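Below is one structure, written out as structure tokens; the observations come after it.
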Amino acid sequence: PVSLANNRVGDAGGAGLAEGLEALHKEGIGVFGAGRDPAAACRPWRIECEGVKLAVFGISCFEEGELGGRAAIASIPRDTRRLEEEFREARRRGERIVVMIHWGREYSTEVDAAQRETARWLANQGANIIAGAHPHVIQREESHAGTRIHYSLGNAVYPKALRGADSGELRRIGVRR
């Protein structure tokens, strides 16, 4: 599966995103963080692995502008209420909640106030793990209310000619049963 909740997914407009969603669907690749409408974009990808049920959300903290009504991405603050409902449903189903979030300032190793505020909101909604992206460099990690927060994992793969190519971590993060 792939999260499409990021600041570049709307570069080709709603038609381009809709076409991309269709291509991924045809190839059997799961998608989360984007969909044909806001409700679909806010739904998590669900899986059960070794008896642990997961609900994996993709969320962007960047407004993508008008996508032409053919597709949408999950975004905070715009979709806050819809996401609250989806988190509530995940908790009701006994799922562990994983959030892949696109946020922060590019190339800044410092976590900003908006990231901290959003992380705490997600923790209060029941997120177990938050994994951040967008800064292209590693940012700190912490725990809050039992939630493991990885503000930015940096770049696992990035063009060498671009700044930040030497950063990044691959992590195996366990979710307790």
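Could you check how many residues of the range 87-102 are among the aromatic types (Phe, Trp, Tyr) and crowded, with 24+ Cβ neighbours inside 10 Å? Outline the logic, then answer.
Within the range 87-102, the first condition is being among the aromatic types (Phe, Trp, Tyr), and the residues that meet it are 87.
So of that shortlist, the ones also crowded, with 24+ Cβ neighbours inside 10 Å come out as none.
Of the residues in that region, 0 qualify.
Kindly indicate whether any position in the range 145-168 is surrounded by fewer than 12 Cβ atoms within 10 Å (Cβ to Cβ), among the acidic types (Asp, Glu) and at pLDDT below 95.
yes
Just one of the numbered conditions (1) at pLDDT 95 or above; (2) open to solvent by 20 Å² or more (accessible area, probe 1.4 Å); (3) in contact with a strand residue (DSSP E or B) (Cβ under 6 Å, 6 or more places away or on another chain) is not true of Thr80; which one?
That leaves (3) as the condition not met.
Consider Gly51 against the criteria (1) of a type in the set (Gly, Ala, Ser); (2) more than 27 Å from Gly154 (Cα to Cα); (3) exposed (fewer than 14 other Cβ atoms within 10 Å of the Cβ); (4) touching a strand residue (DSSP E or B) at 6+ places or on another chain (Cβ under 8 Å): it satisfies all of them except one. Which criterion is unmet?
(4)
Checking Ala71 against (1) farther than 23 Å from Asn128 by Cβ; (2) in contact with a strand residue (DSSP E or B) (Cβ under 8 Å, 6 or more places away or on another chain); (3) at pLDDT 95 or above; (4) not basic (Lys, Arg), which single condition isn't satisfied?
So the condition that Ala71 fails would be (3).
Do you know which residues across the range 28-80 are assigned to a loop (DSSP other than H, G, I, E, B) and closer than 13 Å to Ser3 by Cα?
Residues of the range 28-80 that are assigned to a loop (DSSP other than H, G, I, E, B), as a first pass: 28-30, 33, 36-37, 43-44, 50-51, 61-71, 74, 76-79.
Within the range 28-80, Ile29, Gly30, Gly33, Arg43, Pro44, Ala74 qualify.
So Gly30 passes all but one of these: (1) more than 15 Å from the chain's Cα centre (by Cα); (2) closer than 25 Å to Gly154 by Cα; (3) touching a residue at least 12 places away in the same chain (Cβ under 8 Å); (4) loosely packed, with under 14 Cβ neighbours inside 10 Å. Which condition number does it fail?
So the condition that Gly30 fails would be (1).
Filter the range 137-152 down to the residues that are over 16 Å from the mean Cα position of the chain (by Cα), under 16 Å from His102 (Cβ atoms) and in a strand (DSSP E or B) and list them by number.
Residue satisfying the conditions is Ile138 alone.
Exactly one of these conditions fails for Arg43: (1) open to solvent by less than 20 Å² (accessible area, probe 1.4 Å); (2) closer than 24 Å to Leu153 by Cα; (3) at pLDDT 95 or above. Give me its number.
Of (1) open to solvent by less than 20 Å² (accessible area, probe 1.4 Å); (2) closer than 24 Å to Leu153 by Cα; (3) at pLDDT 95 or above, only one is false for Arg43: (1).
Do we find a residue being hydroxyl-bearing (Ser, Thr, Tyr) and part of a loop (DSSP other than H, G, I, E, B) anywhere in the range 101-108?
Restricting attention to the range 101-108, the residues satisfying the condition of being hydroxyl-bearing (Ser, Thr, Tyr) are 107-108.
Now restrict to residues that are part of a loop (DSSP other than H, G, I, E, B): 107-108.
Yes; the residues of the range 101-108 include at least one that is hydroxyl-bearing (Ser, Thr, Tyr) and part of a loop (DSSP other than H, G, I, E, B).
The values are calculated or read from the model by the stated rules, or taken from the named source; none is laboratory data. What you are looking at is a predicted structure, and each value in this text was computed from that prediction instead of being measured. With ideal geometry, Cβ positions are generated from the backbone for all residues, glycine too; neighbour counts draw on all protein chains shown. All accessible areas refer to the heavy atoms of the entire protein, side chains included, with ligands and DNA or RNA removed. Shrake-Rupley method; radii C 1.70, N 1.55, O 1.52, S 1.80 Å.
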